[in-house]
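The values are calculated or read from the model by the stated rules, or taken from the named source; none is laboratory data. Quantities reported herein were computed from a predicted structural model and do not represent experimental measurements. Positions of Cβ are generated from backbone atoms using ideal geometry, with glycine treated the same way; all protein chains shown enter the neighbour counts.
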Amino acid sequence: MTKNSLFSGKRFLITQPMIRGLNGSTMVTLELASFLKSCGAKVVVYTNIALDPALSLFKKAEIRVITPQEKMEFSVNDFDYIWVHSLTLPRSLLDDLKIERKKNPPFIFLHMSALDQIPDEHPWIYQLEEKLSSLSLYISDGTLTANEKYGLPKKVGFYRNPAPVEFAEAARKEAPAELKRLLVVSNHPPKEVLEATEMLEKRGVVVDKLGEGQAKYSLVTPELLKKYDAVITIGKTVQYCLMTNTPVYIYDHFGGEGWLTPKNYDRTKSFNFSGRFTSNKPGAEIAEDLINGFSDAVAFQNSLSLEQKEDFMIDRVLEKILTQVEPRKLGAFDSEYIETVKAAELCSELRFIASEELGDLRDNTFDVRERCNYYKNELEKVTSAKSYRIFNTLLKPYKKLRSLGRKQA
């Protein structure tokens, strides 16, 4: 497929529950929109709330992002494809479904999590996906299985968090021979990983950490991965490592399988390389495993063929999906049903806005607490200083005379 042949001139609406952090479906939306735009497509992203740091990346990529606050009117006729995350849809577009039309764009729904504590990743609005979906995609076999209890749409497929084409283009010819530089990519590195990296640093391995709350918080790029011999991570970054031929150790707050090898590849792939359903390991065991298992991880990376990586190549994956998907014949939707769906969408919108406001309040409270602790520590430094004690001793007679003067007055 040439980069501008299949999608050039096509109009895409991609919906996303929120844009803020550099994680999850936000990055999937950014990479999907960026690739389609690079192919000549016209892309609009609709989201309940859009904030930095992620919003700045959409602006840099010149991708239009629209929120409900802009009160833009959407029409089904405005798009050739509608790609939906978390059942997020503009309410004006839902109104459009009350009208019967001869032609509709394909609606594609993506589910990215198997966890029940993330309810918006499931079909949470009754029968909406079943009524609209031309194709429902799942990030892994485990995610599809978790959604079976809700009833699966007629046509399903997989979108396994494919990596941008730049990662395949930057693939190493061979994986490194020795572990000298290690990158930890995590927004929540567990204690045992931090312990393991401390042990490795004592053995001369250079370790850097990337993620929210870490010294570095930025996108994972092919150029970044080239600087390291291996990566500790889970989820989407694993696909980046596979495409760049970088040995990857799967471990995070869920636990993990350790080095990705032929023995665990199929199992970890079926759960989107999340590390779930495994036991936790002590830090010392992780450290030894990182050193002793490195050569096997390198051999596995060197053995992977291009065909084995196709599921993680965004150009090939989208070509298969969008050439096979077809629009469904949709009659006019019942007005009462659409009004119910609109009310549910409004509840979801308000939920995401409220969660960000609460998040800001939490962050502000944390900042105030940190400043208070800082000034408390500074005060303790002053009061414990020898010069302060001497000065305070010299002032005691003055304080006593001052006190007596007040009593006489």
Inset, instruction - Would you confirm whether any residue within the range 142-150 is on the phi < 0 side of the Ramachandran plot and in a loop (DSSP other than H, G, I, E, B)? - result: no
Inset, instruction - Pick out the one residue from 279, 335 that is of a type in the set (Ser, Thr, Tyr) and free of Cβ contacts under 8 Å to residues at least 60 places away in the same chain. - result: 279
Legend entry - the range 170-187 - residue that is surrounded by 14 or more Cβ atoms within 10 Å (Cβ to Cβ) and within 16 Å of residue 289 (Cα to Cα) and, of those, nearest to the chain's Cα centre (by Cα): 184
Inset, instruction - Give me the pairs, please: first residue somewhere in the range 202-229 and farther than 20 Å from residue 57 by Cβ, second residue anywhere and surrounded by 18 or more Cβ atoms within 10 Å (Cβ to Cβ) and of a type in the set (S, T, N, Q), beta-carbon distance under 9 Å, and either six or more positions apart or on two chains. - result: 205/197; 207/197; 209/186; 209/197; 226/244; 226/246; 228/246; 229/246
Inset, instruction - Would you mind stating whether residue 153 is in the same structural domain as residue 139 (by TED's automatic domain parsing), in contact (Cβ under 8 Å) with a residue 24 or more places away in the chain and in contact with a Pro (Cβ under 9 Å, 6 or more places away or on another chain)? - result: yes
Legend entry - Within the range 127-141, considering residues that are touching a residue at least 60 places away in the same chain (Cβ under 8 Å) and surrounded by 19 or more Cβ atoms within 10 Å (Cβ to Cβ), the one nearest to residue 266 (Cα to Cα): 140
Inset, instruction - Pull up the range 246-275, narrow it to residues that are β-branched (Val, Ile, Thr) and surrounded by 23 or more Cβ atoms within 10 Å (Cβ to Cβ), then point me to the one that is nearest to residue 193 (Cα to Cα). - result: 250
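Pick out, from the range 1-82, the strands (runs of 3 or more DSSP E) lying fully within it that include 3 or more residues that are polar (S, T, N, Q), in the same structural domain as residue 101 (by TED's automatic domain parsing) and touching a residue at least 40 places away in the same chain (Cβ under 8 Å). Reasoning before the result, please.
Numbers: elements: 11-16, 42-47, 64-66.
Passing ranges: none, list empty.
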Legend entry - Extreme residue, nearest to residue 241 (Cα to Cα), among residues of the range 114-141 that are under 20 Å from the mean Cα position of the chain (by Cα) and in a helix (DSSP H, G or I): 141
Inset, instruction - Would you confirm whether any residue within the range 163-183 is modelled with pLDDT of 95 or more and on the phi > 0 side of the Ramachandran plot? - result: no
Legend entry - helices (runs of 4 or more DSSP H) completely within the range 276-347 that count 2 or more residues being surrounded by 12 or more Cβ atoms within 10 Å (Cβ to Cβ) and of a type in the set (Phe, Trp, Tyr): 294-303
Inset, instruction - Could you tell me which residue of the range 2-26 is modelled with the lowest pLDDT, considering only residues that are surrounded by fewer than 20 Cβ atoms within 10 Å (Cβ to Cβ) and among the aliphatic types (A, V, I, L, M)? - result: 6
Inset, instruction - Hey, can you tell me all the residues within the range 69-92 that are crowded, with 22+ Cβ neighbours inside 10 Å and on the phi > 0 side of the Ramachandran plot? - result: 86, 87
Legend entry - Subset of the range 83-110 (residues that are part of a loop (DSSP other than H, G, I, E, B), out of contact with any Asp or Glu (no Cβ under 9 Å at 6 or more places or on another chain) and within 16 Å of residue 132 (Cβ to Cβ)): 97, 99, 100, 101, 103, 104
Inset, instruction - Residue by residue through the range 209-233, note down the ones that are outside any loop (DSSP other than H, G, I, E, B) and surrounded by 17 or more Cβ atoms within 10 Å (Cβ to Cβ). - result: 209, 210, 222, 224, 225, 230, 231, 232, 233
Legend entry - Yes/no for residue 205 being closer than 25 Å to residue 288 by Cβ and crowded, with 21+ Cβ neighbours inside 10 Å: no
